[in-house]
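Every read-out reported here was derived from the displayed coordinates using simple, explicitly stated rules and does not represent laboratory data. Here the structure is a predicted model, which is why all the values come from computation and not from measurement.
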Amino acid sequence: MDKKLRVIVENCPQNHPCPSIRVCPVEALSQEGFQAPAVDHNKCIRCGKCAKFCPKKALVLE
Ligand code: SF4
């Protein structure tokens, strides 16, 4: 079964620019203000880079 990137909003402190946005190779992540990032599932290639990068484990491939 295909994995899907999930944003665990409770894990995101939502007080900073999301650093994982920069590591996404296809610009599938976006952020409004300091909110938890949003995933564009049509763009996401499920590479897992953002999930590895997020220190709060707010992005999970599952
Ligand atoms: S899994 Fe990869 S392609 Fe998908 S949002 Fe994260 S970094 Fe971008």
³J(HN,Hα) computed for each position of segment 39-49 - Karplus, 6.51 cos²θ - 1.76 cosθ + 1.60, integer Hz, glycine/proline x
9, 8, 5, 6, 8, 4, 9, 6, 7, x, 4
If I take every Cα pair under 8 Å that is 6 or more residues apart in the chain, average their sequence separation and divide by the length, what percent do I get for the relative contact order?
45
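For the chain, compute Rh as the Kirkwood radius over C-alpha pairs and then the Stokes-Einstein diffusion coefficient at 37 °C and 0.692 mPa s; write the answer in µm²/s, rounded to an integer. Intermediate values should be presented prior to the final figure.
Details: Rh = 11.4 Å.
Rounded, D is 288 µm²/s.
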Residues whose modelled amide H sits under 5 Å from the amide H of Ile8, counting only those 5 or more places away in sequence or on another chain, are Leu59, Val60
